[in-house]
Amino acid sequence: MIKRKHKGMPKKNVLVIGGGVAGLAAALELAEQEIGVDLIEKSEFLGGHAARFSCKASGECVKCGACIVVEKLKKSFLNPNIRIHTGCKIKKFENNGIIKTRVDKESSEISFESDAAIIASGFKPFNPVNKPFGYKRFNNVITNIDLEEMLKLEDDVVRPSDKRFPKSIAFIQCVGSRDESLNHLWCSHVCCGSALRVAKKIKSIKPETEITFFYIDVQTFGKDFQEFYDSMKQEIRMVRSIPGDILISDNDCPQITFFDSEKNCSIDEIFEMVVLSIGLTPGEDNKNLSELMDIKLDDSGFFKSGENSSTGIFTAGTSRGPMSIEDAILDGGRAALEAIKYIDRKDL
Amino acid sequence: MALKTLVIGNGSCAFDIVDNLLSKNVEVIIATRDNSLHQKFSEIMGQNITEIHTETTIHSCTGAIGNFTISMKNNNKSIIRIVDCIVIAEDSFRKTLFASYGLSPSTKTISLSDLDNPENYKNIADENKSFVLLKGLKFESNPVISKEVMDSSIKLASHGQSKIYILTKNLKVAGNRLEALYRKAKKAGIIFIKFTDSEPEFFQGEDGKTCIEFTDEVTKKNFSLTPDITVVDESIVPSDYLETLAKTFGLNIDCSGFLQSDNVHRLPAYTNRKGIFVAGPSRGISSPEDYKAEAGTAAIAVLNNSDKNNYDIKDKAYINKGGCVRCLTCYRICPHKTISLNSTLSVMPEGCEGCGLCTAECPKNAITIENLDHKFLIPDDKIQNADSASKPRITAFCCSRSAAEAYKLAVSIGLTLPEGLKIVEVPCAGSISLTHILNSLKNSTGGTIILTCHEGNCFSEKGNVFAHNRAKSVSKMISDAGYKKERLMTYTIASNMGKEFSNILNDFEKNIIDLE
Amino acid sequence: MTEADKRVNLDQLDHDSCRSWDYSQDFCVTCGICSSMCPVSGIDDFDPRKLVRMISLGMENEAVDSRWPWICTMCGKCEASCPMEIKISSIVRKIRSLRERDEVPGILHKGLETALKTGNNLGLPKEDFEFILEDVAEEIAEEPSFENFTVEIDKKGANILTTIHNKLVNTHTDDLKHWWKIFHAAGEDWTVPSENWEGTNWGLFTGDDEAMKKMSGRIVDHMKNLGAKNLLWPE
Ligand SMILES: Cc1cc2nc3c(=O)[nH]c(=O)nc-3n(C[C@H](O)[C@H](O)[C@H](O)COP(=O)(O)OP(=O)(O)OC[C@H]3O[C@@H](n4cnc5c(N)ncnc54)[C@H](O)[C@@H]3O)c2cc1C
Ligand code: SF4
Ligand code: SF4
Ligand code: SF4
Ligand code: SF4
Ligand code: SF4
Ligand code: SF4
């Protein structure tokens, strides 16, 4: 009796834009309620960014959440109420109580009618080429996403220049986050946790690796943060200042200049590899979608948190601002419930 | 018949859950230890499907999803109800931290909640000029407290107070718009002083005022502060009721005492028991906004997981009464607490996840899962190459939630795997018994490898640990018998690691070939 | 003095004056990029983050009295990388400006005085300056394909008017040649003023706004009087 019964009643449909964890979580909850879901994804694959991430366990799970995507994907493929459309670009969007969408898929056009829509179009990773850290200029300066992909696809940590395990690694935090000069007045929530978890994994693969962590403030993540943080402070060097210039020295090793507060002077130090912890920025389609669907963006360029429940268009996941996989799943579920309530209200 | 749910709790999160459930015509029973309901509930009082029990504690719970029998105590009266699902959303508590700073509460040294209290606030703000707010100096703080401290400071500053200092270790800004709030606080003239490894020293005078001495880490100058008011931060701790509830319902608890284990499979509102959900302040520390989202997901979890009849009995454990000697092993280890103990032991199939821990551990082999036996008897026939004679035959027991997915990923991206590989996909590695391992060693020409979830990532909590322990004892047995123990290996892996899967298997094959 | 005596009573400091400074100094997140970038960090314990913090903590007097603001080279690297857009070099200048003029460090103080009096900090007379320029021009003209090179001082209506850094007419005359050869090769119509030719603004370095205005004014005047179309101010 709780599940929707459709004797005589036409089946309800919801459009979900974006097949990352947030979109998948929303789609699954809706589908369980016997609502038909058109899940449109612009790339060829579902799963979004989190599907590119590696497991950071070293025997023991560190609760990074990356593996949940696999489970969500499996369930979505199996659920007959979810119609997956990959490689789609929205062309037209009309909302007169009934939402009419037209998308381009390859050379053909598909149209849907939906009772509500959820935007879960995700984020764009910050591009650090214009920061003074030599990204794309120096081989051995990579981003946290590059490192995640390397761990996942190669099951190893190596220097891009010579495919050798780096003896020393520097993590530089907050690249592109907490930066008013870029109008990025937000903390990206996940990069401290991501970097420290990967650091722990690297230490467990090769304990002699020297890891330095350049940061402003370490953010809390995970339930056992205090313990985790205390143990990491023993294992790696933490420097509370963000480095300046990076130059290249012998053997493709980046040389970093940083201010050492304890010694009270600048230090030039050579590392074998540098990892930039780039943050989350508004999705590249946010502006476009906001105009097309008449949903406001906040002053940072993310979708506004307040729900637009009167028009039946809801937002979920990192399209609303930086959040972890766990929070994106939670948010997908919340948006699904909002959409269901909206459809119920409309029925009355 | 309408779905009936028991909601335990009396805060905003519990209210949001009740509100969400009522809107979907779920019958709700509210039970709280408090003597009256939070005022928020008055909005929905009129809806007569809500049954409310104040001053009521949960005494016992039997049964499984779709048919929980709850016995509650109200003073000495006992109330029995039958419900389909249970949601726990007890509010968390605030713990003052005076003692950790070596301070005592006074009119001049107060706790964060004292400042939030509107009755005190006006006097405090009107009568004092300088304030120091301490945050996360002794224990790492969190964004919720961080937001409260910054909000309170900004409010004080708006009263024209010009001397407000926030002393903090790592400033927690990983919350919605907190970096912008940090900026707003700085704009309001609040001065943040950050500490890394050093800490300020505190001295409290007769008048209760706190004097703080420290070395600023940036300027390296020694400072002292003797503010009119010192505000000490707080930590957020689980309700003391949760421990009792965990015992009553057979739920797991995480390292900080919140309900449900710290396991990604329990996201967003699930517990180790089907039909019992935990949300908001009973689950962990989050912002009010996140608690609202959690209330939404808990409600939708109730709606989507109440279908108790939708299962295949062949996937569920069954106790053969004739074989059982009532040793209670299964009753103790069932991670989903779905074995009931009456005159005989029986599995309540609605709550059974088919993990097979009980079948592997029963000393009398009295428990069966039909589809599981099937799996072990006829291993997946996806042998990489039909002509496997030249290569050692490798049997890989793979947990369906991790290793089996990693295997599929490896195949789908075309990674090389041993030619003689046989995959035996099991619901949980905990179902791999000593007999299964020994049989496999007997039948494989090459070796046997067991691949489980990483520790802490097992859907059945400890199924992986059981598997590893069993493998360890078999390993000892076979090496005592002069058999090469390298033929039996165990690994942990996550579902998203195709390449790692292929590396592990290829290395294993290589080691086996080297043995020959 | 004991440690305790040196302890500053933070809530007794007077913030009011520096709080009115409009350089965003209070928005510092103490990220330390500025100090990592700064080429003189560590000299006499100086680093820009420290100076910014001193100001936002209200330690204005101490900052004015310290040597730190005078260690800064005004290169602006700190400011360019500050994520909070804090105007660090303006802060340095402001602190410098609060020093009594006769307490400005010797070399800067003298440099400014001479520049104000004679038009350049070297006190180089007009004739000597013209002599040096012509000498350099003659040397260029001796080189192949620069045979007809000349320098036209105080030419009216030129396309480009360029200022000169004092070291180019003092120790680094060869550098002057590089510039000029480029002008020549590009067929540029250019000139140099015979007086007040110095580009370095000594008012900027000493934090003396009046002097800075005066020195910039001289260049504006040149542009007007000589009717040059473009200004090249390589500083
Ligand atoms: C380096 C890094 C490390 C991280 N590590 C962790 C971690 O360890 N733990 C953790 O919890 N979180 C981590 N995160 C955060 C995590 O990536 C996000 O929480 C998660 O990916 C958010 O999912 P989403 O669905 O909101 O967005 P996305 O993953 O961005 O998915 C959005 C999807 O929408 C699609 N899309 C976009 N626009 C359109 C359109 N117009 N039409 C159709 N489809 C569209 C995209 O192609 C994409 O598939 C990390 C992030 C980064 C950058
Ligand atoms: S949650 Fe992360 S660390 Fe844990 S098993 Fe999954 S991918 Fe690995
Ligand atoms: S999570 Fe850490 S690294 Fe990322 S923006 Fe926030 S403080 Fe910086
Ligand atoms: S483990 Fe086996 S023998 Fe023991 S109680 Fe359970 S079913 Fe009976
Ligand atoms: S199979 Fe698992 S869930 Fe089912 S009764 Fe046995 S131990 Fe419990
Ligand atoms: S770069 Fe800017 S924000 Fe960072 S420490 Fe320096 S002044 Fe402060
Ligand atoms: S302007 Fe001054 S403080 Fe800034 S980087 Fe240059 S020398 Fe350092």
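General observations
- Magnitude of the charge dipole, chain B, Cβ model with Lys/Arg +1 and Asp/Glu -1, debye to 20: 800
- Note on chain A: GNM, Cα springs under 10 Å; of A:Pro166, A:Pro207, A:Pro282, the largest mean-square fluctuation is that of A:Pro207.
- Extension gain for A:Met150-A:Ser111 works out to 10.2 nm (0.36 nm per residue, less the C-alpha to C-alpha distance).
- Only Lys, Arg (+1) and Asp, Glu (-1) charged, at Cβ; region A:126-280 dipole about Cα centre in debye: 200
- Probe 1.4 Å - accessible area at B:Tyr407, Å² to nearest ten: 20
- Cα gyration tensor shape of region B:379-515, rounded if a/c is under 1.5, else prolate or oblate by comparing a/b with b/c: oblate
- A straight chain from B:Thr445 to B:Asn120 at 0.36 nm per residue would run longer than the Cα-Cα distance by 109.2 nm.
- For region C:144-160, 3J(HN,Hα) computed residue by residue from phi via the Karplus equation (6.51, -1.76, 1.60; θ = phi - 60°) reads x, 6, 10, 3, 9, 6, 9, 10, 9, 7, 6, 6, 8, x, 5, 5, 10 Hz, glycine and proline entered as x.
- In Å², nearest 10: area of B:Tyr311 left accessible to a 1.4 Å probe: 80
- For A:Trp186, residues with placed amide H under 5 Å, excluding near neighbours: A:Arg178, A:Asp179
- The candidates A:Arg52, B:Arg283, arranged from most to least accessible area with a 1.4 Å probe in the full protein assembly, appear as A:Arg52, B:Arg283.
- Residue (of A:Gln255, A:Pro160, A:Ile267) at the positive-pole extreme of region A:126-280, dipole from beta-carbon charges: A:Pro160
- Nearest-20 debye value, the protein assembly as shown charge dipole, Cβ charges on Lys, Arg, Asp, Glu: 4920
- Chain A: most fluctuating residue of A:Arg197, A:Arg334, A:Arg102 per GNM, C-alpha cutoff 10 Å: A:Arg102
- Heavy-atom accessible area with a 1.4 Å probe sorts B:Asp312, B:Asp254, largest first, into B:Asp312, B:Asp254.
- Across every direction, the projection of the convex hull enclosing the Cα atoms of region C:151-233 has a mean area of 5.5 nm².
- Annotation: the antiparallel percentage among DSSP beta bridges lying fully within the protein assembly as shown is about 40.
- Here's how it looks for B:Glu425: its modeled amide H is under 5 Å from those of B:Asp380, B:Cys398, which are all 5 or more places away or on a different chain.
- Net charge of the neighbourhood of B:Tyr291, taken over other residues with C-beta under 10 Å away and scored Lys/Arg +1, Asp/Glu -1, is -3.
- With R₀ fixed at 60 Å, the C-beta to C-beta distance from B:Asp373 to A:Asn130 puts the FRET efficiency at about 0.45.
- Considering only region A:126-280, percent of DSSP beta bridges that pair antiparallel, nearest 5: 35
- DSSP finds beta bridges in chain B, and of those with both partners inside it, around 40 percent are antiparallel.
- Considering only B:Tyr241, B:Ser340, B:Thr297, and ranking their Cα positions along the charge dipole of region B:226-381 that arises from unit charges at the beta-carbon of Lys, Arg, Asp and Glu, the one farthest toward the positive end is B:Ser340.
- Positive end of the dipole of region C:119-232 (Cβ unit charges, origin at the Cα centre): among C:Ile164, C:Thr206, C:His178, the Cα lying farthest that way belongs to C:Thr206.
- Comparing C:Leu204, C:Leu122, C:Leu13 in a Gaussian network model of chain C (Cα springs below 10 Å), the most mobile by mean-square fluctuation is C:Leu13.
- Area accessible to solvent at B:Lys314, 1.4 Å probe radius, in Å²: 90
- Neighbours of A:Cys67 by Cβ distance under 9 Å: Lys/Arg scored +1, Asp/Glu scored -1, total -1.
- Residue list for region A:97-126, given a label point 7 angstrom along the Cα-to-Cβ vector of A:Glu284 and an amide N cut-off under 16 Å: A:121-126
- Working note: 222 nm ellipticity from helices only, DSSP H runs with n ≥ 4, each -39,500 (n - 2.57), summed and divided by the residues of the protein assembly as shown, gives -9500 deg cm²/dmol to the nearest 500.
- Distant-in-sequence amide H partners of B:Ser111 (H built 1.01 Å from N, under 5 Å): B:Val232
- Region A:253-340, relative contact order in percent, only Cα pairs under 8 angstrom and at least six apart counted: 18
- Taking label positions 7 Å along the Cα-Cβ direction at both B:Ser346 and B:Glu51, the computed distance is 2.4 nm, reported to one decimal.
- Karplus-based coupling profile of region C:220-228, in residue order and whole Hz: 4, 4, 4, 4, 5, 5, 8, x, 6, with θ = phi - 60° in 6.51 cos²θ - 1.76 cosθ + 1.60 and x standing for Gly or Pro.
The values are calculated or read from the model by the stated rules, or taken from the named source; none is laboratory data. Just so we're clear, the structure is a prediction, and the values are computed from it rather than from any experiment. As a convention, Cβ positions derive from the backbone with ideal geometry for all residues, glycine included, and neighbour counts pool all protein chains shown. Remember, those area values only see protein heavy atoms, side chains included, never the ligands or the DNA or RNA. Shrake-Rupley method; radii C 1.70, N 1.55, O 1.52, S 1.80 Å.
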